Amino acid sequence: MRRSFTVALERYGYAMRAAADGLTGLEIFRDEPFDLLILDVMLPGLDGIGLCRRVRETSLVPVLMMSARGDGLDVVAGLEAGADDYVVKPVDTYVLVARIRSLLRRATYAPAPGQGPERAARQEEAPAPADSDVLVFGDLTVDTGGLEVSVSGKPVALTPTELKLLLAFAEQPGIVLARHTLLRDVWEYGWDGDSRVVDLCVQRLRGKLGRDRIETVRGFGYKLRR
């Protein structure tokens, strides 16, 4: 399966690096820059969930988790570990490519790993763009032009998916956004997806922004408190 996906994705123009186990994958990840990771939950040595946690200690790179059980605990554990999305095996190549393209588009919302300070320095030197807009919600500040988030004046590091989700809320503060709307606008699902992706990403956002910042409206969805 690893070999077949590697060949298929290379045909779509992606440069691939494959590892047969989690520890090897972690070593490769630490030695080379990557735009996206695809992690199988059932990796030997260090499984995909553990590998995702190790990656998230130092990087915000998009992570796509691959699971053999679409309704099992693997999906929840992977998303809680910091994965941005998941696919269920067996998966068609065109579905996998669609998820990859969506994640890479989201990744343009954030600086590449390790480039945050350099990017901030460049922004200090250059004038702010005309469409830059700073939104304030209590102690939460969202710079939609500079794509920077802070709580009580302290910068908050968000993954590209978390950032795009927060921007969706910040564009309509106080408005309830349904899960299917967020799946369409943030995850770019052209069909109804698994709402657990939304729920667990909101959970991660709450952990970084404050438990009360994003409110659950039971039976409808979520909204950002003004």
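The values are calculated or read from the model by the stated rules, or taken from the named source; none is laboratory data. Remember, it's a predicted structure, so these values are computed and weren't measured experimentally. Cβ placement follows ideal geometry from the backbone for every residue including glycine, while neighbour counts extend to all protein chains displayed. Ligands, DNA and RNA are excluded from the accessible area calculation, which covers all protein heavy atoms including side chains. Shrake-Rupley method; radii C 1.70, N 1.55, O 1.52, S 1.80 Å.
Cβ-Cβ contacts under 9 Å between residues 6 or more apart (or on different chains), taken from a first residue in segment 22-43 that is assigned to a helix (DSSP H, G or I) to a second residue that is of a type in the set (Asp, Glu) and open to solvent by 40 Å² or more (accessible area, probe 1.4 Å), are listed as GLY22/ASP47. In segment 152-189, the qualifying residues are those that are in a strand (DSSP E or B) and without any contact (Cβ under 8 Å) to a residue 40 or more places away in the chain, and the one that is most open to solvent (accessible area, probe 1.4 Å) is LYS154. Within the bounds of segment 23-32, is there any residue that is touching a helix residue (DSSP H, G or I) at 6+ places or on another chain (Cβ under 8 Å), open to solvent by 10 Å² or more (accessible area, probe 1.4 Å) and under 30 Å from ASP143 (Cα atoms)? Among the residues of segment 23-32, not one is touching a helix residue (DSSP H, G or I) at 6+ places or on another chain (Cβ under 8 Å), open to solvent by 10 Å² or more (accessible area, probe 1.4 Å) and under 30 Å from ASP143 (Cα atoms), which makes the answer no. Evaluate the following for VAL217: is it in contact (Cβ under 8 Å) with a residue 40 or more places away in the chain, open to solvent by 30 Å² or more (accessible area, probe 1.4 Å) and of a type in the set (A, V, I, L, M)? In short, yes. Of all the residues in segment 62-71, those that are assigned to a loop (DSSP other than H, G, I, E, B), at pLDDT below 90 and not aliphatic (A, V, I, L, M) number 3. Every condition in (1) surrounded by 17 or more Cβ atoms within 10 Å (Cβ to Cβ); (2) outside any helix (DSSP H, G or I); (3) in contact with a strand residue (DSSP E or B) (Cβ under 8 Å, 6 or more places away or on another chain) holds for SER59 except the one numbered (3).
Look through VAL149, VAL198, VAL202 and report the one residue that is under 23 Å from ALA81 (Cβ atoms) and either part of a strand (DSSP E or B) or open to solvent by 20 Å² or more (accessible area, probe 1.4 Å) (or both). Unique residue meeting the criteria: VAL149.
Exactly one residue out of VAL76, VAL7 is touching a residue at least 60 places away in the same chain (Cβ under 8 Å), among the β-branched types (Val, Ile, Thr) and open to solvent by 30 Å² or more (accessible area, probe 1.4 Å): that is VAL76. Just one of the listed residues (ASP84, ASP31, ASP74) is modelled with pLDDT of 90 or more and either of a type in the set (Gly, Ala, Ser) or in contact with a strand residue (DSSP E or B) (Cβ under 7 Å, 6 or more places away or on another chain) (or both), namely ASP84. Applying the criterion of being farther than 24 Å from THR108 by Cα and within 19 Å of the chain's Cα centre (by Cα) to the residues of segment 41-53, the residue that is modelled with the lowest pLDDT is VAL41.
Among the candidates ALA107, ALA130, the residue that is modelled with pLDDT under 85 and closer than 23 Å to PHE34 by Cα is uniquely ALA107.
Please indicate, with yes or no, whether at least one residue in segment 88-105 is in contact with a helix residue (DSSP H, G or I) (Cβ under 6 Å, 6 or more places away or on another chain), closer than 23 Å to VAL198 by Cβ and crowded, with 18+ Cβ neighbours inside 10 Å. Within segment 88-105, none of the residues are in contact with a helix residue (DSSP H, G or I) (Cβ under 6 Å, 6 or more places away or on another chain), closer than 23 Å to VAL198 by Cβ and crowded, with 18+ Cβ neighbours inside 10 Å. Just to check your reading of the model, which residue among ARG218, ARG213, ARG196, ARG206 is modelled with pLDDT of 90 or more and within 17 Å of the chain's Cα centre (by Cα)? Answer to the check: ARG206.
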